[in-house]
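No value in this document is a laboratory result; all are computed from the given coordinates. The structure presented is a predicted model; accordingly, all values stated were derived computationally and were not measured. Cβ atoms come from the backbone with ideal geometry, glycine included; neighbour counts cover every protein chain shown.
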Amino acid sequence: MSRDYLLFITQFVRHVTQDNQTGGTLSNYLLLKALSKNRKIKILSFDDNYDSVEGFASEGIEVCTVGHPSWGGLSLTANWNPFVQSKTQEFLTEYGVPRDVVVTTSSLPALKVFDQVPDVNRAVVVRAFENYGFRPPKVSVRLRINLAKLAVIRRFSDVRMMKRADMVITNSEFMRKSIRKRFTINKSKINIIPPLCDIQSSIHKFHEVGNIIGFVTRGSDKNYPFVLELAKRAPEYLFLIYGHTNKIDPATPKNVIVKGWESDRQAMLSSAAVWLMPSLWPEPFGRVSMEAQAAGRIALVINAGGLPETVADKRFVIDGFECEQWLRAIHEAFMMHSSVIEDNGAKIRAKFSQESHDMKIDDLFANSHT
């Protein structure tokens, strides 16, 4: 049976046409799309909510989904690793051993299956902090406890599993340093592939939008209470809040519109002139920041995690959470000359272009077998 394929194993898989994308699932999709240009791709997923077989099939990518029982707590701890490993072994029995295997943090146990399989390049994609248990820097006590619980349940912090990999793929220099420190993995094995940005400069230019500010939330860790406080103090601006907004108090300031989920990212990012990312925890990267600037907008980001790596102009990086400091930055952003904003957008589109993204991926996997 031919080994000429790459196997991607993940708990969650989303085609770009599906709703409820995350930065991680979108980045994984773009990674696989780039890899599929020169090799066959098969996906083994444990995602019960996946419903877009046709989407991947149209791009020549085969998806096999395996639902898992509704385990919780101790039963999940006891059963998850054996489940992932047994389903991976069943897949290999049916389809043969791949040339490359790529796993995510949730499917890390699958690497054990390849211990006795020669000549397979083993890669781990790490895009978030699930691997770090209670150790990530600069997070709240509450979040640290929640991450520790997650680490116990899924054993994501198992150093031995990470060290089974031949290479690690991550999305920022911040993440590379964090991974190296947490797992004591050689720096040469940790490869930075920044996410691809396919957002174009908006037809409606920055100063045509008006005094509109945008924000995307997935929960309190994105710091939406801080954004609502900014809105209270700056009634001259209209605030649009996108994303998972069900936990936001309906009694928001009058200058706040809760938009909810928007699948058209180009339209969403074009709807506001300035975008805010005052996250409470250190973001591994910052897709909204990158894409907003590519659309010809300004993104103001907290000086933490990988967010500063997503901006070309360091005036857009803010220390701390003092409302007055953020409001001054917002006022200054709206006063910027159009040429400055357009030049910044061009730099971002070039830095995170598809050509750059795909070339790095091709080089990485081509060199893995030399």
Quick one: order 300, 364 by neighbouring beta-carbon count within 10 Å, fewest to most.
364, 300
Considering only lysines 8 or more places apart in sequence, or on different chains, count the pairs in segment 204-351 whose C-alpha atoms sit under 23 Å apart.
15
For residue 255, net neighbour charge (Lys/Arg +1, Asp/Glu -1) across residues whose Cβ lies under 14 Å away
+2
If the elastic network links every pair of Cα atoms under 10 Å, which of 270, 36, 86 fluctuates the most in the Gaussian network model of the chain?
86
Aspartates and glutamates whose Cα lies under 13 Å from that of residue 181, excluding same-chain neighbours fewer than 8 positions away
173
Once you sort the root eigenvalues of the Cα gyration tensor of segment 1-124 as a ≥ b ≥ c, which label holds: rounded (a/c under 1.5), prolate (a/b larger than b/c) or oblate (the other case)?
oblate
To the nearest 0.05, how large is the calculated FRET efficiency for residue 338 and residue 166 if R₀ is 45 Å and r is the Cβ-Cβ distance?
0.40
Round to a whole angstrom and tell me the spacing of the C-alpha centers of segment 196-274 and segment 100-118.
39
Pairwise label distance in nanometres, residue 78 with residue 192, each label 7 Å out on the Cα-Cβ vector:
4.4
How large is the dipole of the chain about the Cα centre if only Lys and Arg carry +1 and Asp and Glu carry -1, each at its Cβ, rounded to the nearest 20 debye?
1280
Segment 305-364 shape via C-alpha gyration tensor axes, a/c threshold 1.5
oblate
Taking the dipole about the Cα centre of the chain, with the C-beta of Lys and Arg at +1 and of Asp and Glu at -1, give me whichever of 75, 263, 224 is farthest to the positive side.
75
With a 10 Å cut-off between alpha carbons and a GNM built on the chain, which of 49, 303, 211 moves the most?
49
Could you work out the relative contact order of the chain? I mean the mean sequence separation of Cα pairs under 8 Å and 6+ apart, divided by the number of residues, in percent.
14
Most exposed first, judged by fewest Cβ atoms within 10 angstrom, 197, 64, 323 run 323, 64, 197
Over all pairs of different Cα atoms in the chain, the reciprocal of the mean inverse distance gives a Kirkwood radius in Å of 21.7
Under a 10 Å cutoff between Cα atoms, tell me which one of 72, 345, 305 has the largest fluctuation in the Gaussian network model of the chain.
72
Identify all aspartates and glutamates with a Cα-Cα distance to residue 112 below 20 Å; exclude those on the same chain that are fewer than 8 residues away in sequence.
90, 94, 100, 130, 158, 166
Listed residues 279, 353, 329: farthest to the positive end of the dipole of segment 270-370 (Cβ charges)
329
Can you put 161, 290 in order of Cβ neighbours within 10 angstrom, beginning with the fewest?
161, 290
Using the alpha carbons of segment 207-365, what is the convex hull volume per residue in cubic angstrom, as a whole number?
116
When the dipole is taken about the Cα centre of segment 182-224, and only Lys, Arg (+1) and Asp, Glu (-1) are charged at their Cβ, what size is it in debye, to the nearest 20?
360
